[in-house]
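Sending over a structure as structure tokens; questions will come in a sec.
The values are calculated or read from the model by the stated rules, or taken from the named source; none is laboratory data. For clarity, every value in this text was computed on a predicted model and none was experimentally measured. Virtual Cβ from ideal backbone geometry, glycine too; neighbours counted across all protein chains shown.
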């Protein structure tokens with residue numbers, strides 16, 4: 001699969017090259033800005049201190065902003081399993097979309113096709129595992145909502161890009177909003193940890209707030225029809241199904 005690439009380099013990167021073996025993750029973002037021109041300007045402005053490796057425009061064109069072997073500044077404060085500050089171990093892909101703040105919309109068909117084409121190349125080149133293909137909100141749930149609940153995770157998973165559950169919507173809806181007992185809730189949070197999410201164990205108000213953000217991130221990823229931060233039986237069933245894919 002080939003991708004037509006345009007170049008618009010950003011000055012925002014670490015000058016020391018990394019080894020190909022350090023690249024473990026592929027992380028998707030939306031730009032969250034009102035228009036594409038401003039998003040590109042921000043990502044290529046030295047004062048912004050942000051960048052990405054690839055930028056996908058509304059029309060599907062793909063721009064290289066940072067070559068793969070340099071660390072781009074896209075993930076920020078982040079954590080997944082035992083990895084912290086994921087910039088050094090990831091490739092960041094920004095997809096133009098106004099995001100939740102500016103009338104969040106569906107990603108265009110051309111954008112989705114470009115995401116698929118680019119991802120298939122990167123996965124093959126760096127041997128990136130499906131469980132390591134993530135959204136920004138997965139690794140920074142307190143700070144970020146992107147790429148959001150309109151990102152086509154299910155469609156991508158059919159092409160081997162990221163994970164998705166294998167349960168019918170009809171079956172899941174029967175269990176929506178059914179509350180869990182304490183033991184079942186613990187199993188859900190244990191499953192989140194197995195998947196890679198970071199959760200807090202103690203019951204302080206600060207930790208409950210953090211866990212609520214994590215649950216919303218999980219829902220944006222795997223239960224996109226309802227993002228309320230509340231753990232129910234549907235979430236538990238999905239989490240069990242996803243963790244099976246790690247065995």
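Tally time: how many residues in the stretch 162-181 are closer than 30 Å to residue 119 by Cα and in contact with a helix residue (DSSP H, G or I) (Cβ under 8 Å, 6 or more places away or on another chain)?
7
Tell me the residue from 156, 163 that is modelled with pLDDT of 95 or more and in a helix (DSSP H, G or I), please.
Details: 163 fails: in a helix (DSSP H, G or I).
Criteria check complete, one pass: 156.
Per-residue answers, yes or no, for (1) modelled with pLDDT of 95 or more; (2) more than 23 Å from residue 153 (Cβ to Cβ); (3) not in a helix (DSSP H, G or I):
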position	(1), (2), (3)
170	no, no, no
175	yes, no, yes
184	yes, yes, no
201	no, yes, yes
217	yes, no, no
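From (1) assigned by TED's automatic domain parsing to the domain that holds residue 26; (2) more than 18 Å from residue 240 (Cβ to Cβ); (3) in contact with a helix residue (DSSP H, G or I) (Cβ under 8 Å, 6 or more places away or on another chain), pick out the condition that doesn't hold for residue 200.
Against the list (1) assigned by TED's automatic domain parsing to the domain that holds residue 26; (2) more than 18 Å from residue 240 (Cβ to Cβ); (3) in contact with a helix residue (DSSP H, G or I) (Cβ under 8 Å, 6 or more places away or on another chain), residue 200 comes up short only on (1).
Given 106, 19, 41, which one is farther than 23 Å from residue 123 by Cα, at pLDDT 95 or above and more than 21 Å from the chain's Cα centre (by Cα)? Spell out how you get there, then give the answer.
Details: 106 fails: more than 21 Å from the chain's Cα centre (by Cα); 19 fails: farther than 23 Å from residue 123 by Cα.
When all the criteria are applied, what remains is 41.
Moving to a separate point now. Would you check if residue 144 is part of a helix (DSSP H, G or I) and at negative phi?
Working: part of a helix (DSSP H, G or I): no; at negative phi: yes.
When the stated conditions are applied, residue 144 does not pass them.
Could you grab me the full set of residues in the stretch 196-247 that are without any contact (Cβ under 8 Å) to a residue 12 or more places away in the chain and closer than 16 Å to residue 80 by Cβ?
Result: 200, single match.
Continuing with this model, one more query. Given the criterion under 17 Å from residue 171 (Cβ atoms) and exposed (fewer than 15 other Cβ atoms within 10 Å of the Cβ), identify the matching residue among 200, 244.
On the way: 200 fails: under 17 Å from residue 171 (Cβ atoms).
Step by step, each of 200, 244 is checked, and only 244 is under 17 Å from residue 171 (Cβ atoms) and exposed (fewer than 15 other Cβ atoms within 10 Å of the Cβ).
Tell me which residues, restricted to the stretch 1-41, are surrounded by 16 or more Cβ atoms within 10 Å (Cβ to Cβ) and in a helix (DSSP H, G or I).
Of everything in the stretch 1-41, those that are surrounded by 16 or more Cβ atoms within 10 Å (Cβ to Cβ) and in a helix (DSSP H, G or I) turn out to be 36, 39, 40.
Mind checking which residues of the stretch 95-131 are assigned to a helix (DSSP H, G or I) and buried (at least 23 other Cβ atoms within 10 Å of the Cβ)? Show your work before the answer.
Kept after step one, since they are assigned to a helix (DSSP H, G or I), are these residues of the stretch 95-131: 100-102, 109-126, 130-131.
Within the stretch 95-131, 114, 115, 119 meet the criteria.
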